[in-house]
Amino acid sequence: MAALSPSAQRVQVLLDGFGHGHRVVEHEGSTRTSEDAANAVGCAVAQIAKSLIFRAKDSGRPVLVVASGANRVDEKAVGRLIGEKIERADPDFVREATGFAIGGIPPIGHAVPPLVLIDADLMGLDAIWAAAGTPNAIFRLTPAQLVAITGGRVEAVRKG
């Protein structure tokens with residue numbers, strides 16, 4: 001097995017610390033989009049746990065929403081859930097807050113600990129896949145493990 005890139009290795013070290021046996025896998029092709037990731041691992045798009053970073057408007061705090069790859073996030077609902085309006089974060093804010101580039105943001109290991117909400121739609125799935133630090137690295141886990149490793153709150157965040 002080829003050595004992981006530095007960002008993916010950083011995620012693997014964090015995962016090792018949880019003791020669940022998660023393995024980061026780097027693919028030849030992109031796993032940047034939910035569709036790409038689903039194609040790479042042979043799962044449904046809904047099983048991709050995409051990590052989206054928003055910026056809380058008043059506090060400036062990073063807000064991580066881990067959503068099903070099949071869903072769009074209802075930003076107004078997220079704002080109500082956290083008690084503060086949110087806005088889309090620009091790439092510089094994302095990199096500063098997470099330590100990772102857009103397209104490879106894992107749900108863990110962020111430079112600035114975010115407020116974490118997890119899409120309730122993920123909870124009914126047996127297995128999900130999340131980004132692991134690069135646009136072609138992912139790892140498999142269960143929804144319960146996602147909640148455990150992120151400390152996130154499970155909420156209805158799907159738009160529509």
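The values are calculated or read from the model by the stated rules, or taken from the named source; none is laboratory data. Just so it is clear, the model here is predicted, and its values are computed rather than measured. Using ideal geometry, Cβ is built from the backbone for each residue, glycine included, and neighbour counts are taken over all protein chains shown. These area figures cover heavy atoms from the full protein model, side chains too; ligands, DNA and RNA do not enter into them. Shrake-Rupley method; radii C 1.70, N 1.55, O 1.52, S 1.80 Å.
Peptide packing: for 16-22, 31-37, the average count of neighbouring Cβ atoms within 10 Å per residue gives the ranking 31-37, 16-22, highest mean first. Cα centroid separation, the range 138-160 to the range 1-45: 16 Å. Under 5 Å from the amide H of residue 73 lie the amide H atoms of 159, each residue being 5 or more positions distant or on a separate chain, with H modelled from the backbone and absent for Pro and chain starts. Fully extending the segment from residue 127 to residue 77, taken as 0.36 nm per residue of separation minus the present Cα-Cα distance, adds 15.4 nm.
In this calculation the C-beta distance from residue 3 to residue 35 is compared with R0 = 22 Å, giving a FRET efficiency of 0.20. For the chain, the carbon plus sulfur part of the accessible surface works out to 51%, probe radius 1.4 Å.
With K and R counted +1 and D and E -1, the other residues having a Cβ less than 14 Å from that of residue 26 yield a net charge of +2. Between the amide H of residue 61 and those of 56, distances stay under 5 Å, these residues lying 5 or more places away or on another chain, with hydrogens modeled in the peptide plane. Phi angles of the range 45-52 translate, via the Karplus equation with coefficients 6.51, -1.76, 1.60 and θ = phi - 60°, into HN-Hα couplings of 4, 4, 7, 8, 9, 8, 9, 10 Hz per residue; Gly and Pro are given as x.
Annotation: per residue accessible area for the chain equals 49 Å², rounded to a whole number [probe 1.4 Å, protein chains only]. Here the Karplus curve 6.51 cos²θ - 1.76 cosθ + 1.60, taken at θ = phi - 60°, turns the phi angles of the range 155-160 into couplings of 9, 7, 10, 6, 7, x Hz, with x standing for Gly and Pro.
Using θ = phi - 60° in the Karplus curve 6.51 cos²θ - 1.76 cosθ + 1.60, the 3J(HN,Hα) couplings for the range 21-33 round to x, 5, 10, 6, 10, 9, 9, 4, x, 6, 10, 4, 9 Hz; x is entered for Gly and Pro.
Calculated mean residue ellipticity, 222 nm, the chain: -8000 deg cm²/dmol, from DSSP H runs (n ≥ 4) at -39500 (n - 2.57) each, averaged per residue and rounded to 500.
Compute the acute angle (0 to 90°) between the alpha-carbon long axis of helix 6-18 and the principal axis of greatest extent of the alpha-carbon atoms of the chain; round to the nearest 10°. The helix 6-18 is inclined about 80 degrees to the chain.
Close amide H contacts of residue 85 (hydrogens built in the peptide plane, cut-off under 5 Å, sequence separation of 5 or more or a different chain): 57, 58.
For residue 50, the accessible surface of its heavy atoms amounts to roughly 50 Å² (probe 1.4 Å, protein chains only, rounded to the nearest 10). Taking only the Cα atoms of the chain, the radius of gyration and Dmax are 14.4, 46 Å.
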